[in-house]
Amino acid sequence: MAKVTLKDIAHSYTGYSENPDDYALKSLDLTWRDGGAYALLGPSGCGKTTLLNIISGLLIPTKGQVLFNDQDVTRLPTEHRNIAQIFQFPVIYDTMTVFENLAFPLKNRGRTKTEIEPRVIEIARMLGLETNLYTKAQHLTADAKQKISLGRGLIRQSVNAILFDEPLTVIDPQLKWELRSQLKYLHKQFGFTMIYVTHDQTEALTFADEVIVMYEGEIVQVGTPEALFERPEHTFVGYFIGSPGMNIAPCNIQGDKAIIDGHEIALTRDYHAIPAGAKIEMGIRPEYLRLNPPGGAGLPVSIKKVDDIGRYKIVRVGLNTREFNVVVPELSGMTGDKASLAFDIEHTNIYVNDHLFSGEQQ
Ligand code: ADP
Ligand code: MG
């Protein structure tokens, strides 16, 4: 297993260019710890597969270096990198049995039958394939075929890293849950360096110790699931993580107050260092807003819509031209469509040109 370092990596599919818009990956610096469980999370087209392919050697980056344990492998072919990569769709041999498919990566590297057999059985059992070991892959369902793909990726114990590129796309939702927790268990047991690519926040947050959020070819935050929720460093992270995502509203800062559509919200930090002319926004998660009865603490809002989703309600409120989502356990003590919207100031973030602006302690 290895520590993987990306040094100032950029990639343009049309070759070297002076124009940043030509780059699918803009400029990435990142170290993946030996034995870490990472998720790479971002919307379709943000560069996740490009990044994985640079790590595995399917692509040579336009700029920068890839290091495995401090050894430069940027130009080393895939087969010499000792990486297992699992793709979105099954990559297996249809005419081979499940056993033969799983055994293949080991057989290929000259392992003996006595080494191969117990390992194949162990992996098959873990993935729930043990009853089909001697069935030809072509007779199996799409789910089972993708399990074989996963198994082929997991079978070698000496790989530098295992890369998963949205591997559960074709898997049935119920099974998805099961497989994800098995992967996590496997990580704990064997300590592989794992990088798991997904556009699904639930998958990322349940699998990984650390999540790398990408947006338009750049890394916008690296953090624990908790940090991404509590302190989004970029408006995109706020919006993309959480359900519903963070409320983001344009505002002005005057002294120690934020002004949204003519309404004042008192802040606890000092923001005088914000450069003139910058785009300023306030971000607050729906979980950190409260609704009080009309006339109570907070700003006067009208209730536009209430979605009851079981354990809690999502209330959409209007403050002049702005709308906010509020998560509340109950809509108690409220009649009519008026309410007061109260902000938890400790969880009210100010963003300058989309980046979190911490301000100074007053
Ligand atoms: P993701 O995996 O996050 O969906 P990709 O890494 O596949 O994103 O793509 C990032 C960007 O690079 C996209 O704009 C995509 O259109 C472009 N791209 C991907 N593969 C190629 C290719 N082989 N040739 C040209 N452009 C590509
Ligand atoms: Mg992709």
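A Cβ-based charge dipole, computed about the Cα centre of the chain with Lys and Arg at +1 and Asp and Glu at -1, lands at about 1080 debye. Positive-end ranking of GLN65, MET126, MET194 along the dipole of the stretch 4-239, with charges on Cβ about the Cα centre, is headed by MET126. Taking a Cβ cut-off of under 10 Å around GLN362, the surrounding Lys, Arg, Asp and Glu residues balance to a net charge of -2, with basic ones at +1 and acidic ones at -1.
Average 1/r across all pairs of distinct alpha carbons in the chain, invert it, and you get the Kirkwood radius: 23.1 Å. For the stretch 247-361, with all protein chains present and a 1.4 Å probe, just round the carbon and sulfur fraction of the accessible area to a whole percent. Carbon-and-sulfur percentage of accessible area, whole number: 48.
Phi angles of the stretch 208-214 translate, via the Karplus equation with coefficients 6.51, -1.76, 1.60 and θ = phi - 60°, into HN-Hα couplings of 9, 7, 9, 10, 9, 9, 10 Hz per residue; Gly and Pro are given as x.
For the chain, a Gaussian network of Cα nodes joined below 10 Å ranks GLY191, GLY283, GLY128 by mean-square fluctuation, and the top entry is GLY128. Coupling constants for the stretch 197-204 follow from the phi torsions by the Karplus curve (6.51 cos²θ - 1.76 cosθ + 1.60, θ = phi - 60°), and in residue order they are 8, 7, 9, 9, 4, 5, 4, 5 Hz; glycine and proline get x.
Computed log10 I(q)/I(0) for the stretch 247-361 at 0.10, 0.16, 0.23 Å⁻¹: -0.30, -0.73, -1.29, from the Debye equation with unit scatterers placed on every C-alpha and solvent omitted.
Sorted largest first, the spans of the alpha carbon positions of the stretch 180-315 along the three principal axes are 56, 42, 25 Å.
Separation of the stretch 57-125 and the stretch 140-194, taken as the distance between their Cα centroids, equals 13 angstrom.
When we measure straight from the Cα of LYS304, which lysines land under 27 angstrom away, once same-chain ones fewer than 8 places off are left out? The qualifying lysines are LYS257, LYS313, LYS338. When only Cα pairs below 8 angstrom with a gap of at least 6 residues are kept, the chain shows a relative contact order of 16 percent.
For the cross-link pairs LYS63/LYS176; LYS7/LYS188; LYS113/LYS147; LYS3/LYS147; LYS7/LYS184; LYS113/LYS184, the ones whose C-alpha atoms lie over 32 Å apart are LYS63/LYS176.
The values are calculated or read from the model by the stated rules, or taken from the named source; none is laboratory data. Quick caveat: nothing in here was measured; it's all calculated off a predicted structure. Using ideal geometry, Cβ is built from the backbone for each residue, glycine included, and neighbour counts are taken over all protein chains shown. Heads up: the accessible areas ignore ligands, DNA and RNA and are worked out on the full protein's heavy atoms, side chains in. Shrake-Rupley method; radii C 1.70, N 1.55, O 1.52, S 1.80 Å.
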